[in-house]
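Working notes for the structure below.
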Amino acid sequence: MIVIMEEASDKSQISAVESAIKKHGYKSNSIRLQSESMPTFNPISGNGNSDLRNLPGVRQVIKEDQNNRLARRETKQEDTVVRVGEAAIGDGSLTVIAGPCAVESEDQTMRIAEKVLESGAQILRGGAYKPRTSPYSFQGLGERGLEILARVREKAGLPVVTEALDPMTAPMVAEYTDMIQIGARNMQNFSLLEAVGRLGKPVMLKRGMSANLEELLLAAEYIISNGCPDVVFCERGIRTFSDHSRNTLDLGLIPVLKRVSHLPIIVDPSHASGNRENVLPLAYAAMAVGADGVMIDVHHEPHKAKVDGDQAILPDEFDQMMHHLRTMGTAMDIAVGRH
Ligand code: PEP
Ligand code: MN
């Protein structure tokens, strides 16, 4: 159930509604959507009804259904623009995120950051906590990786996005990062989604490898309803019978998602293909189909990369990609990367 308060409602009216909600035995989260004109929402779990409608300051009590969810256009018509440092995602430009799959050392991260910044990337990516299929694979540098990211962020002047793997370490990740990444494997880790929703940082939500549109939208709902309206979707390929690449990049999702949701969506062609030869063509296709950004794995020594070396492109290839995206941008009237 969602309780919509009048715009003019005050704090005491909101807390009276919250107490009433709790008395009914439901959990209550009070959130305000990004736009100034939006009223305050109090989404609560369950479908209780009741006397809430008669409380002062309440405009409407509605049962949850897909038309009134917080991520949907029916609820908020204008596009949500998510600000990450100096960068904006969803403002009509193509935002470019780039960096190594994993933070391996300060030297490695700094070298790659400088290169991608030079080519026009706006946000640095790099995992400190890596969700690995095998427990014997490199799991990331953890907190030390976060410290490296913070120093590189400082020196290079680039905001960063990095993954939070569990609710326990998520608050620490939030202290270091400008945007929290939720990986594909965690898209339906609901306690993690709730936890990151409360941390006050934008969240990049990667599509689970078998998640359909509805499941993706509902995962975002967990984050927004916990207080974070700044959610960026990321299409990173799904698992299909197709076996020529690691995953199948579902570019058809982009226009559909842009119609049903006000939230921005970016594309990760690196994790979608698993193969560096396909990264550039898929990045161009992502832009052509209306994505709000791309996220690209870049490594100066891909053969030595501790994680996902096969899909990392060289800094020169990244530069070439930026050049082509900008040419496309001129034709499509879309600004690309740092501009
Ligand atoms: C990543 O971006 O580092 C990553 C692990 O991707 P995914 O969750 O999409 O597999
Ligand atoms: Mn990876």
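The values are calculated or read from the model by the stated rules, or taken from the named source; none is laboratory data. Since the structure is predicted, the reported quantities are computational estimates derived from the model, not experimental observations. Neighbour counts are summed over all protein chains in view; Cβ atoms, including those assigned to glycine, are modelled from backbone coordinates with ideal geometry. Ligands, DNA and RNA are stripped out before the accessible areas are found, and what is left, the full protein with its side chains, is counted by its heavy atoms. Shrake-Rupley method; radii C 1.70, N 1.55, O 1.52, S 1.80 Å.
A few notes on this one:
- With every protein chain in place, the chain: carbon and sulfur % of accessible area (1.4 Å): 49
- Highest mean first, the peptides 276-282, 329-335 sorted by other C-beta atoms within 10 Å per residue fall in the order 276-282, 329-335.
- Where labels lie 7 Å past Cα in the beta-carbon direction, separation of Asp310 and Glu7 in nm: 5.4
- Ordering of 95-108, 12-25 by packing [mean C-beta count within 10 Å, highest first]: 95-108, 12-25
- Listed by chain and number, the lysines whose alpha-carbon sits under 20 Å from that of Lys63, ignoring those within fewer than 8 places in the same chain, are Lys22, Lys23, Lys27, Lys76.
- Calculated FRET value between Arg259 and Asp65, using beta carbons and R₀ = 22 Å, to 0.05: 0.75
- Neighbour-limited loop hits for chymotrypsin sites (Phe, Trp or Tyr not before Pro), the stretch 142-226 (at most 14 other Cβ within 10 Å; DSSP other than H, G, I, E, B): none
- Assuming charge only on the beta carbon of Lys and Arg (+1) and of Asp and Glu (-1), the dipole of the stretch 82-332 about its Cα centre is about 220 debye to the nearest 20.
- Between Val81 and Asp319, residue separation times 0.36 nm minus the direct Cα-Cα distance comes to 83.1 nm.
- Projected label points at Met332 and Met168, each 7 Å from Cα along the beta carbon direction, are separated by 4.2 nanometres.
- Over the chain, the pair-distance histogram of Cα-Cα distances with 10 Å bins from zero comes to 6, 26, 33, 21, 10, 4, 0 percent, rounded to whole numbers.
- Note on Ser15 and His244: the model spin-label points, each 7 Å out from Cα along the C-beta direction, lie 6.2 nm apart.
- Extension gain, Ala285 to Asn212: 0.36 nm times the residue separation minus the Cα-Cα distance gives 24.2 nm.
- Sequence-distant contacts, meaning Cα pairs under 8 Å at least 6 residues apart, place the relative contact order of the stretch 276-338 at 27 percent.
- Surface exposure of the stretch 54-173, expressed per residue as accessible area with a 1.4 Å probe, stands at 42 Å².
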